[in-house]
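The values are calculated or read from the model by the stated rules, or taken from the named source; none is laboratory data. From a predicted model like this one, the values you see are computed outputs, not experimental measurements. FYI the Cβ positions are ideal-geometry reconstructions off the backbone, even for glycines, and counts take in every protein chain you see.
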Amino acid sequence: MPSEKYKEEENRISEALEMLRKNPKQKIKPLARQFGVDYQRLRRRVLGGTSQLNRRPAHKRLTEDQERAIILWMHDLDDRGIPPTVRMIKNYVDKVLQNMHPGADNPPQLGDRWVYRFLKRLPKEYVKMKQKTIDPSDILLRTRALYRPERYKITPSNIWNFDESGFQIGQGGDEEVVTRYPDALRHVPSSSSRELVSTAEGISAVGNTIPPLLIFTGKVILESWFQYLKEDEWKVTISETGFSNDEIAYDWLKHFNEHTREQAGNNFRLLFMDNHEAHLTSEFLSYCDDYRIIPFAFPWLPFLQYERVHRRAINEKAHLGGYFYDKIDFLADIARVRADALTLRVIRNGFSARGLWPFNPEIIVGPLIEKWDLQEGQELLIYDNEEPDISSSPTNASFSPPTTAYKLQRSITKVDAQLNEISNVIPGIRRSLKKIFDGSLTQAHIKDQQQAQIERLQTLNERKSAQKKIKK
């Protein structure tokens, strides 16, 4: 940790450098005597050396340009109404480190407390704001920004909602019955025999739907389950919990894009959803960017009617002599249940009642603001301010430029070594080059993440093409 004496001398060196910048013809030695600083130290700074105050600690995992890339990524998420969590930041940084160590069997890993130390190191120009988990006024402002016609020109047919509905199959729920034997004991199936099935649905503001994704609890799928399911375009998957996870959410997003891209053309699609972390992975958000999909976290529940209709269908069968309602029954009924629940009227009323189309967010957000509790509670840290200007990297047709952040870092190291061998470098050149290098590295890290996403998509497309050729 630099001493106070060192900091005071650094302030005088900064003043001397500022005077030299205004009058480059000045001699360094008289300038050092004028400000009372060490001549060799001032000379090193004129040649581009760095102060201990700005020097990267030996134990620091990321470079300054890598940290700036992470901050820009955090700003991007914050603009979407989904500020990143600690887990999301850690996962993103792990991928940055992996890209900087290509081919390494054990790339560097972050410690459990790294993210918290990183948040404390944020530059002063980034204001740290404390905010409740769901701030109604923040939802209102962000939703209004999304609906600005001049920004995205989103039409009702391109406004979609994603949500997950969970169903308990196995037995019916409690209902009032009419009987002549009120004291008779009846066998009721145990609630422990219930099993969770989830459906991931996509509906649009004009009433359109896409084929659903059914998520069963378990590790294997049996063909016998689907003997009564006639819909070929429906997707089925499994998870240990019966709910979606990172992979399932990403698969659903590709499924959504497949069924809506042709109708949307080159227009943006707005996708409302909850802010579960499975929807906020870097792969999920990068895919959205690639296909002009704008994800937006908005707490609303359009499928309560869906669950009520399904519960009624279970009770119709399950209450007949303790009838056990299994997966085969569920799949036999789900198409009818879905048709009854997701009618054109229900879907349009759902969007209208929540002010999403026609656009009137005050319908939901207004009452929330009135009831907003101002007492301190569990808080999220959100970082918001103007992004710093980042210089674009130079180009030179005389050599092949580095294509990754790792290669660019190696090139910059070589250039620095060559500059150190030159004794008469013009003052200010080193500082200018450092700005260019830092900006280039920041953009290179962002580009590496985007390139990795493109390669994953290409691999998936090649697999699909190969499967089609085999079928032919």
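State whether one or more residues within the stretch 255-277 are modelled with pLDDT under 65 and buried (at least 17 other Cβ atoms within 10 Å of the Cβ).
Yes; the residues of the stretch 255-277 include at least one that is modelled with pLDDT under 65 and buried (at least 17 other Cβ atoms within 10 Å of the Cβ).
Determine the pairs where a residue that is free of Cβ contacts under 8 Å to residues at least 24 places away in the same chain, located within the stretch 11-38, has a partner that is acidic (Asp, Glu) and not in a helix (DSSP H, G or I) with Cβ atoms under 9 Å apart, the partner being 6 or more residues away or on another chain.
Partner pairs satisfying both residue conditions: 32/38.
Mind checking whether some residue in the stretch 22-30 is at pLDDT 85 or above, part of a helix (DSSP H, G or I), surrounded by 13 or more Cβ atoms within 10 Å (Cβ to Cβ) and not assigned by TED's automatic domain parsing to the domain that holds residue 412?
yes
What about residue 166, is it within 24 Å of residue 244 (Cβ to Cβ), assigned by TED's automatic domain parsing to the domain that holds residue 330 and at pLDDT 65 or above?
It is true that residue 166 is within 24 Å of residue 244 (Cβ to Cβ), assigned by TED's automatic domain parsing to the domain that holds residue 330 and at pLDDT 65 or above.
Step by step: first the residues of the stretch 339-364, then only those that are more than 18 Å from residue 272 (Cα to Cα) and at pLDDT below 85, then the one that is surrounded by the fewest Cβ atoms within 10 Å (Cβ to Cβ). Which residue is that? Even if it seems obvious, please write down each step before you answer.
First, pick out the residues of the stretch 339-364 that are more than 18 Å from residue 272 (Cα to Cα): 339-341, 343-345.
Checking which are at pLDDT below 85 leaves us with 340-341.
Details: 340: 16, 341: 20.
Only one residue fits best here, namely 340.
Pairs please, first residue from the stretch 41-61 and loosely packed, with under 14 Cβ neighbours inside 10 Å, second anywhere and among the hydroxyl-bearing types (Ser, Thr, Tyr) and at pLDDT 70 or above, Cβ atoms under 9 Å, 6+ apart in sequence or on different chains.
Filtered contacts from the stretch 41-61: 52/6; 53/6; 56/50; 56/63.
Return a yes/no flag: does the stretch 296-319 have any residue that is in a helix (DSSP H, G or I), under 26 Å from the mean Cα position of the chain (by Cα) and at pLDDT below 65.
No; the residues of the stretch 296-319 include none that is in a helix (DSSP H, G or I), under 26 Å from the mean Cα position of the chain (by Cα) and at pLDDT below 65.
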